[in-house]
Amino acid sequence: MSQYFEIGDDSLWNPATRAAQLFLRQVAVFEAELELPSGLGPMRNDECKIDPAVLGIFTHALLARHRRTGHSIIQALSENFVGIVVVLAERAGIGIDWAGLEAFPDGPLTDVQVSAAGTSGPPQGGPWAAAVRARAAELSRGMPR
């Protein structure tokens, strides 16, 4: 059994039922965190309709939050979810302002991690956007339409 994430008659993703259920539970977590609707769902009769305009706003807010996060555990917990959302956004034709996000989005640094080595800031050591896009491309290969 599988589920369909769709815009109109265009299927953007056709995961197994359990994968879709887990993903939609994560969607609810991030909607609550961002205080924004995602534009995904609900799942009805094995179909999840996507509102691309709402998904675009959610995707940009999610990416901006991810970019500002300096906590390694929060980054690890959200990295794959962010990648899957990016795949869906790209398949929906949503343009992502990677240059603007890479330049460090407006807003305060969030979730700063304090450890024995001190505080950590946003991810360093290379272009953030390239890393997110690479992870999304990797995940896309496992996301049948």
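The values are calculated or read from the model by the stated rules, or taken from the named source; none is laboratory data. Just so it is clear, the structure is predicted and the values come from calculations on it, not from any experiment. For neighbour counting, all protein chains shown are included, and Cβ atoms are generated from backbone atoms with ideal geometry for every residue, glycine included.
Things to note:
- With respect to the stated conditions, Ile96 is part of a loop (DSSP other than H, G, I, E, B) and either of a type in the set (Phe, Trp, Tyr) or within 20 Å of Ser140 (Cα to Cα) (or both).
- Residue within the range 61-68 that is at pLDDT below 90 and at negative phi present: yes
- Candidates in the range 1-37 are the residues that are aromatic (Phe, Trp, Tyr) and under 14 Å from the mean Cα position of the chain (by Cα); of these, the one that is surrounded by the most Cβ atoms within 10 Å (Cβ to Cβ) is Phe23.
- Every residue from the range 63-94 that is surrounded by fewer than 21 Cβ atoms within 10 Å (Cβ to Cβ), more than 23 Å from Ala19 (Cβ to Cβ) and under 13 Å from the mean Cα position of the chain (by Cα): Ala64, Arg65
- If you go through the range 38-60 and keep only what is surrounded by fewer than 19 Cβ atoms within 10 Å (Cβ to Cβ) and touching a Leu at 6+ places or on another chain (Cβ under 9 Å), you end up with Pro42, Met43, Lys49, Asp51, Val54, Ile57.
- Of the candidates Ile84, Ile74, the single residue that is β-branched (Val, Ile, Thr), assigned to a helix (DSSP H, G or I), closer than 25 Å to Ala131 by Cα and touching a residue at least 60 places away in the same chain (Cβ under 8 Å) is Ile84.
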